[in-house]
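**Student:** Take this structure, written in structure tokens, and hold onto it; I'll ask about it next.
The values are calculated or read from the model by the stated rules, or taken from the named source; none is laboratory data. Keep in mind it's a predicted model, so treat the numbers as computed, not measured. In this analysis, Cβ positions are derived from the backbone assuming ideal geometry, glycine residues included, and neighbour counts consider all displayed protein chains. We work out accessible area using only protein heavy atoms, side chains counted, and drop any ligands, DNA or RNA first. Shrake-Rupley method; radii C 1.70, N 1.55, O 1.52, S 1.80 Å.
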Amino acid sequence: MTALLEELNDLKKAPEVEGVLHLFHSRWSPRPFSDREVSASDLAKVFEAARWAASSHNEQPWRFLVGTRGSEAYTKIFDSLMAFNQLWAKAAPVLILGVSKAKFTQNDSPNRVALYDLGAAASILTLQAKALGLATHQMAGFDQDAARAAFEIPEDYVIGAVIALGYQGEPHALPNEQFRTQETSPRTRKPLKDFVFSAWGTAADLG
């Protein structure tokens with residue numbers, strides 16, 4: 001990793017909190033990717049981590065469509081991206097589309113937490129990727145209908161997000177100034193009092 005990327009990652013790193021895993025504070029979502037390929041074994045590891053996410057009734061409703069650069073699956077996912085995401089995501093060596101089964105297998109009843117469970121698996125996937133030295137960037141900016149048609153995804157599956165995965169690249173490789181500015185700006189997060197409540201709108205006393 002270059003000195004510039006080390007400096008950038010230090011900038012993006014959240015303040016350390018004692019007892020919280022370093023991994024959570026150091027993970028972020030870069031847009032530029034290097035041309036280095038991701039090994040099949042590392043790709044298997046990120047999905048192995050996702051495999052063990054919690055899910056309602058152990059349904060494991062998530063499905064991941066994965067495309068590596070040059071594959072038909074990659075092209076299908078890339079073609080579904082909005083133009084502004086194609087500008088930078090074209091450098092990513094791996095694109096992943098997450099979908100989730102919307103009904104329980106055991107009785108065909110609606111699974112109202114299908115997307116929640118997919119999100120849990122995707123979150124674990126991104127953390128495992130970070131632990132392996134990989135970067136991820138998740139995207140909502142894509143045409144769900146186009147992706148569904150391209151992969152012939154059944155109607156009883158809901159579509160989540162696309163994840164770009166690979167090795168972090170240099171900010172100057174991004175195609176426009178807006179992306180470069182976002183890439184090199186510090187990260188911000190809401191304080192706990194804004195989302196951890198003891199009553200609606202009342203911050204919980206966390207000591």
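**Student:** State, to one decimal in nm, how far the label point of R189 lies from the label point of A203, with both points 7 Å from Cα in the Cβ direction.
**Tutor:** My value for the distance between the label points is 1.6 nm.
**Student:** Size of the dipole of the range 164-207 about the Cα centre, Lys and Arg at +1 and Asp and Glu at -1 on the beta carbon, nothing else charged, in debye to 20? Don't jump to the answer; show the numbers that get you there.
**Tutor:** Numbers: 5 positive and 5 negative charges, 25 e Å.
Rounded to the nearest 20 debye, it is 120 debye.
**Student:** Using C-alpha positions alone, give me the convex hull volume of the range 52-166 per residue in cubic angstrom.
**Tutor:** Values: hull volume 10.9 nm³, N = 115.
Here the figure is 95 Å³ per residue.
**Student:** Could I ask something else about it? Would you mind getting the accessible area per residue of the chain, heavy atoms of the protein chains only, 1.4 Å probe, in Å²?
**Tutor:** On the way: 11760 Å² over 207 residues.
Value for the chain: 57 Å² per residue.
**Student:** Among 12-20, 142-150, 199-207, 57-65, what's the highest-first ranking by average C-beta atoms within 10 angstrom per residue?
**Tutor:** Values: 12-20: 10.6, 142-150: 16.0, 199-207: 8.1, 57-65: 17.6.
Per-residue mean Cβ counts within 10 Å order the peptides as 57-65, 142-150, 12-20, 199-207.
**Student:** While we're on this one: What's the whole-number percent of alpha carbon pairs in the chain lying beyond 29 angstrom? Kindly include the intermediate steps, with their values, before the conclusion.
**Tutor:** On the way: 6611 of 21321 pairs.
Of all Cα-Cα pairs in the chain, 31 percent lie more than 29 Å apart.
**Student:** Could you run the Debye sum over the Cα atoms of the range 120-207, one equal point scatterer each and no solvent, and tell me log10 of I(q)/I(0) at q = 0.13, 0.20, 0.24, 0.27 Å⁻¹, two decimals?
**Tutor:** Listed by q, the Debye log ratios stand at -0.77, -1.09, -1.16, -1.25.
**Student:** I would also like to ask the following. What's the carbon and sulfur percent of the chain's accessible surface, probe 1.4 angstrom, rounded to a whole number?
**Tutor:** On the way: 6480 of 11760 Å².
After summing per-atom areas, the C and S share lands at 55 percent.
**Student:** How do 23-29, 112-118, 93-99, 180-186 rank on mean C-beta neighbours within 10 Å, highest first? Walk me through the intermediate numbers first.
**Tutor:** On the way: 23-29: 15.1, 112-118: 18.7, 93-99: 24.6, 180-186: 13.3.
Most protected by this proxy first, the peptides run 93-99, 112-118, 23-29, 180-186.
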